[in-house]
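Engineer: I'd like to ask some things about the structure below.
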Ligand SMILES: Cc1cc2nc3c(=O)[nH]c(=O)nc-3n(C[C@H](O)[C@H](O)[C@H](O)COP(=O)(O)OP(=O)(O)OC[C@H]3O[C@@H](n4cnc5c(N)ncnc54)[C@H](O)[C@@H]3O)c2cc1C
């Protein structure tokens, strides 16, 4: 059975980007409807709040902008209209105070996403936004109406403007699966292939690697590749390496693997000690066993397991080579973990397809926002900030478009 509905504004995808677009459109006398395939909206947003919702970052604007790598010039105009400070102000207006953590990252005081989302949805509903869940968007029919599949039935929706805010392609269980690429490409809207971002990397650990090493944290460890160098935390997992530090390098590593089939990184197991310092400590302990010396240096648990897994026994026993190994332990990767496991997605709708209000050049009245656009950023609040900002831009653009038609 097929039924038809009509709205002034149709938002497809109820994540932060879509809800922000709905907010810009609401309260202007337009009928605004959010359609979402899951039983509830904002599932990835809620998941992001587990362990602390890092909503934005407090660093200087120029530094912040550089986090969007080669897409900085596309994201900059969006953040100029709704940047990190505006986002914090917006949270305050919802009654959610934010604070700057020691790393400069910004969190809501309660740390979670749920209280913010609850208040936000209440406000949207008060402003007349309607929510239609368990509605999976499939594409458009030949007359341009949006087609939804809902529990075996089909629904068609016509609207004055449509905002697509369908998310990336990771964590499919939370709703965004990247299936939107097909209908968009069928319409001739160019999309860059979806790739994992902020992701882990596969590594075939040697058979002698003790199973208790899997899950071991690598605290305060250095990582370098090419000219890139950073200190942070990572994690040894059964399949390879996970965690914040490798996520931060993941765009470079992924790109290098795509280009060359392989990429070697170098771990600095003791970033606070220089190579010459290590040389004199190791030489001064000649009477001691190598394993005792390593333990005294603090190379235990995860770091020791990494050293043993990535070097030959002979290298470790060679006291002349040991300092160099500790300061630059090589590891060669050949592949990322699957897209579904990544924190976020690179690739998506190309900015060249969109005007400054994120409206498709080819389809006046069709807007795109959020992670489905072709950009990426590290973790640290940059992902959500750009999703909110693009939702604001698309929502305001859609509102102006409708108002111009009145
Ligand atoms: C574990 C984890 C932790 C994270 N932590 C942080 C963090 O602390 N800080 C940060 O900045 N970012 C974080 N992120 C990233 C952030 O959550 C996302 O970038 C953000 O949610 C993307 O917003 P969006 O609105 O573009 O897409 P989404 O939030 O993915 O929303 C898209 C919506 O569209 C719906 N949808 C998809 N396809 C269809 C369809 N065919 N029909 C109808 N509806 C559809 C989906 O169900 C979903 O509700 C985290 C991500 C993960 C996975």
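The values are calculated or read from the model by the stated rules, or taken from the named source; none is laboratory data. All values reported here derive from a predicted model rather than from experimental measurement. Counting neighbours? That spans all protein chains shown, and the Cβs are built from the backbone with ideal geometry, glycine included.
Engineer: Give me a count of the residues in segment 259-296 that are within 15 Å of residue 321 (Cα to Cα), in a helix (DSSP H, G or I) and within 27 Å of the chain's Cα centre (by Cα).
Structural biologist: 0
Engineer: Pairs under 7 Å by beta carbon, first residue at pLDDT below 95 in segment 354-378, partner outside any loop (DSSP other than H, G, I, E, B), six or more apart or different chains?
Structural biologist: none
Engineer: Take residue 140 and decide whether it is closer than 18 Å to residue 166 by Cβ and within 14 Å of the ligand (Cβ to nearest atom).
Structural biologist: yes
Engineer: In segment 317-352, which residues are in a helix (DSSP H, G or I), surrounded by fewer than 18 Cβ atoms within 10 Å (Cβ to Cβ) and more than 16 Å from the ligand (Cβ to nearest atom)?
Structural biologist: If the condition is that a residue be in a helix (DSSP H, G or I), surrounded by fewer than 18 Cβ atoms within 10 Å (Cβ to Cβ) and more than 16 Å from the ligand (Cβ to nearest atom), then 317, 324, 352 are the ones that fit.
Engineer: Let me ask something else. May I ask you to list pairs of residues, at least six apart or on different chains, whose Cβ atoms are under 6 Å apart, with the first in segment 46-67 being under 14 Å from residue 91 (Cα atoms) and the second being near the ligand (Cβ under 7 Å from one of its atoms) and outside any loop (DSSP other than H, G, I, E, B)?
Structural biologist: Between residues of segment 46-67 that are under 14 Å from residue 91 (Cα atoms) and residues that are near the ligand (Cβ under 7 Å from one of its atoms) and outside any loop (DSSP other than H, G, I, E, B), the close pairs are 55/384; 56/385.
Engineer: Here's another thing I want to ask about it. Give segment 40-59 a look and list any residue that's surrounded by fewer than 17 Cβ atoms within 10 Å (Cβ to Cβ), in contact with a helix residue (DSSP H, G or I) (Cβ under 7 Å, 6 or more places away or on another chain) and in a loop (DSSP other than H, G, I, E, B), or say none.
Structural biologist: none
Engineer: Of all residues in segment 303-316, which are under 13 Å from residue 205 (Cα atoms), touching a strand residue (DSSP E or B) at 6+ places or on another chain (Cβ under 9 Å) and either part of a helix (DSSP H, G or I) or in contact (Cβ under 8 Å) with a residue 60 or more places away in the chain (or both)?
Structural biologist: Across segment 303-316, the qualifying residues are 305, 306, 307, 309, 310.
Engineer: Hey, can you tell me all the residues within segment 155-174 that are within 13 Å of the ligand (Cβ to nearest atom) and either over 17 Å from residue 383 (Cα atoms) or surrounded by fewer than 19 Cβ atoms within 10 Å (Cβ to Cβ) (or both)?
Structural biologist: Within segment 155-174, 155, 157, 162, 163, 164, 172, 173, 174 meet the criteria.
This table checks each residue for (1) surrounded by fewer than 22 Cβ atoms within 10 Å (Cβ to Cβ); (2) more than 15 Å from the ligand (Cβ to nearest atom); (3) at pLDDT below 95; (4) not in a helix (DSSP H, G or I).
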residue: 18; (1), (2), (3), (4): no, no, no, no
residue: 30; (1), (2), (3), (4): yes, yes, no, yes
residue: 63; (1), (2), (3), (4): yes, yes, no, no
residue: 78; (1), (2), (3), (4): no, no, no, no
residue: 85; (1), (2), (3), (4): yes, yes, no, no
